[in-house]
Each structure stands twice: as structure tokens, then as C-alpha cells.
1. Of the residues in segment 76-99, how many are among the β-branched types (Val, Ile, Thr), surrounded by fewer than 22 Cβ atoms within 10 Å (Cβ to Cβ) and either in contact with an Asp or Glu (Cβ under 9 Å, 6 or more places away or on another chain) or not in a helix (DSSP H, G or I) (or both)?
2. So, in segment 266-307, of the ones that are under 14 Å from residue 243 (Cα atoms) and part of a strand (DSSP E or B), which residue ends up farthest from the chain's Cα centre (by Cα)?
3. Of everything in segment 204-234 that's within 27 Å of residue 112 (Cα to Cα) and at pLDDT 95 or above, which residue is surrounded by the most Cβ atoms within 10 Å (Cβ to Cβ)?
4. Counting only residues that are touching a helix residue (DSSP H, G or I) at 6+ places or on another chain (Cβ under 6 Å) and either at pLDDT below 95 or β-branched (Val, Ile, Thr) (or both), which one in segment 163-187 is nearest to residue 18 (Cα to Cα)?
5. Working only within segment 1-27, note down all residues that are of a type in the set (Val, Ile, Thr) and either surrounded by 22 or more Cβ atoms within 10 Å (Cβ to Cβ) or in a strand (DSSP E or B) (or both).
6. Picking from 248, 237, 269, 201, which residue would you name as being in contact with a Leu (Cβ under 6 Å, 6 or more places away or on another chain) and surrounded by 15 or more Cβ atoms within 10 Å (Cβ to Cβ)?
7. Failed condition for residue 40, given (1) out of contact with any Lys or Arg (no Cβ under 6 Å at 6 or more places or on another chain); (2) in a strand (DSSP E or B), with all others met?
8. Go through the residues of segment 281-301 one by one and say whether even a single one is over 19 Å from residue 171 (Cα atoms), in contact with a Lys or Arg (Cβ under 9 Å, 6 or more places away or on another chain), in contact (Cβ under 8 Å) with a residue 24 or more places away in the chain and surrounded by 24 or more Cβ atoms within 10 Å (Cβ to Cβ).
Amino acid sequence: MIRPGPRNLITDVSGLRVGQAEDARVRTGVTVLLADEPANAAVDVRGGAPGTRDTEALDAVNLVGAIDAIVLSGGSVFGLDAPSGVASVLRSHGRGYVLAPGAPRAPIVPAAILFDLANGGDKGWGDEPPYRALGKAAAERASVQFALGNAGAGFGAAAAIYKGGLGSASSVTDEGLTVGAIAAVNSLGSPLVPGTDVFWAFAFEQGNEFGGRRLKPDFRSLDADLPADMRAARARANTTIAIVATDADVSRIELKRIAIMASDGMARALRPVHTPFDGDIVFALATAKRQLGETRNRDVMRIGHLASDCLARAIARGVYEAQSLGEMRSYRELFP
């Protein structure tokens, strides 16, 4: 049996904390996942309009591979300042890769951004965008508990015509293997089955973590065209960015396969997905607290499968927990 962890958050994976910071005036924010120790990581990029920092460092053919933190940020290209703030905090704590004796440590902080620049917030920040400061504040607030919905990188997000948000979920197996996911949902595609109040991810829901709504017995097959509730969404103002994590001791190459499999969680929760206008990205990391046994390849497959389902749940939770903001109306306002 698979069950959610005690928090139903990615921080159920031992060795991880999450920090968040928002600017309500700008309608934006930053989410930081901190690893207590350097962790193997990989990335899978599926969207047609990605915005990233230091993702090439995660390629298994390259030198470092282990990360200190991963940043999810609003702000489009300006949000790529956020990991600089995180790196400054990590360096002050003695974290980072040793490049040469006596040289400052270099924290490894890959990042991905989403577009929230057209959501009605005040973007007149002058010469200094707020994202470096938001990244620093988020890193300083890292904890095993954190908010969902209008929080962090999900603060100003939209999912099709609905208010998007920050979501997370976890899964624990009978033997104690833990997988978690966190996502900032700012998709062009819709999170809901057209004409219903049911999330595409309903089949993977644990308990009533995103409302417990189900399709009615008289539900008819779908029109194969684009969902009606995403046709009014603003193309070019999109992207879902996510992280999946496990406590298993898996390699960078194995994590790459897990990230690829986990990307299918977006397809289970959003329709359409990986469009030319979305910069969809999934990071995968491992804290290596649990050793795998003789069935290693099967275990890696299982972790990827669990991560995919977990990410679908996190996406639905992000939309379900979001609150209306300006013209962006929330799921629970529209479907009380």
C-alpha cells in the first residue's frame, strides 16, 4: 500500500527543507528546496519555453552533479536572480563546492522560472528586481513545514483560467521508501476535466487532499480539441516547474530516468502540457538515506512511477489550495 507521508509534503523525504518568500505588491514569489547535505540531482526539460540556471551542471557527464539547493521562482528572466540570494545564504553557512584551496566555496543552486509578469502586480521595481532578496529570504526561512497555494513561486501563478499555486505531496511505501514532489503551477493547459469540477489527477488523489470530486456516472467522452477552459488563457505567460525527491540512494543517471518518468505526472494533471508556450521542467534529487537492494533497476522504475503520481497530486493540490487574486479566480471560489 502507498500512503502519504505525515506532512504530505516533499519534506517527508528526510534531509530536505523548503523556504518561501513573496512580494504581494509585485504578485510574485520564490520557493527554495534546501538539502541538508549535497544531493545527487538531475533535470528533465519538456516545455518549449524554459528559463533555467545551472541545469547543465546536472548532466551526468559533467563535474559536480550534487546540489545544495534548487530554486523555483516567479519573475521570468528576472527570477533568475533568486538563486544568487540563496547562494549567498548557503556560502555564509559554509556550504558549497570546493573549487581550489583557499577559494570561496561555490554553492550549487540550479533554478527554473515561470512567467508571472502579466498578472496585474506592480512590476515597476526600478533598477533592482526583488528576486535576489526574495531568494535570500526564502533560504533563511527553510523548514519542514511550508504553505501551499498562494505561496512562494506559486503566489502569482495561473493555471489556464484558474488561479494557480504552489502544491506538494508525498508517498511512502510499506517498507518506508519515501517519494515527494513540489510544483509551482502556472500552466497554459487546464487542470480540470472540461465541463466539470473534477481534477484530471483525481484517480491519484489520496483522501480528499484536493477536494475529493469525482466524475458523474453520466459523464460522456471528451471532445478531442483543446479544453474549453484553457482557450481564454494567456499563451506565452505560462510554465509549470517542479521538483521530485526520494530518500533512496540512486545515482545521477538513475535520477535522470526518474525525472523523465516524473514528467508524465504533468501529463496526468494538465491538458495540454509541454506546449510551445510552457517552460515545463522537473528536477529530481536523492538524499540517499535508504539503500536499494538486489532489485535496483526495478526499484528505480518504481520510484519514477511513484514520483509521477506524486507530481500529479502536487499539481492538483497547488490549484486546489490557491486563493483568488485580482482577476484570477480560485478553484474553490468557482466550485464551492
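The values are calculated or read from the model by the stated rules, or taken from the named source; none is laboratory data. From a predicted model like this one, the values you see are computed outputs, not experimental measurements. Cβ sites come from the backbone with ideal geometry, for glycine too, and all protein chains shown count toward neighbours.
1. We begin by selecting, within segment 76-99, every residue among the β-branched types (Val, Ile, Thr); these are 77, 86, 89, 98.
Restricting the remaining residues to those that are surrounded by fewer than 22 Cβ atoms within 10 Å (Cβ to Cβ) gives 77, 98.
The next check asks that each one be either in contact with an Asp or Glu (Cβ under 9 Å, 6 or more places away or on another chain) or not in a helix (DSSP H, G or I) (or both); those that pass are 98.
Qualifying residue count, segment 76-99: 1.
2. Here the residue is 287.
3. Only one residue tops the list, namely 210.
4. Looking at residues that are touching a helix residue (DSSP H, G or I) at 6+ places or on another chain (Cβ under 6 Å) and either at pLDDT below 95 or β-branched (Val, Ile, Thr) (or both), I get 182.
5. Pass one, segment 1-27, residues of a type in the set (Val, Ile, Thr): 2, 10-11, 13, 18, 26.
Of everything in segment 1-27, those that are of a type in the set (Val, Ile, Thr) and either surrounded by 22 or more Cβ atoms within 10 Å (Cβ to Cβ) or in a strand (DSSP E or B) (or both) turn out to be 10, 11, 13, 18, 26.
6. None of the others qualify; the one that does is 248.
7. Failed condition: (1).
8. The answer is yes; a qualifying residue exists.
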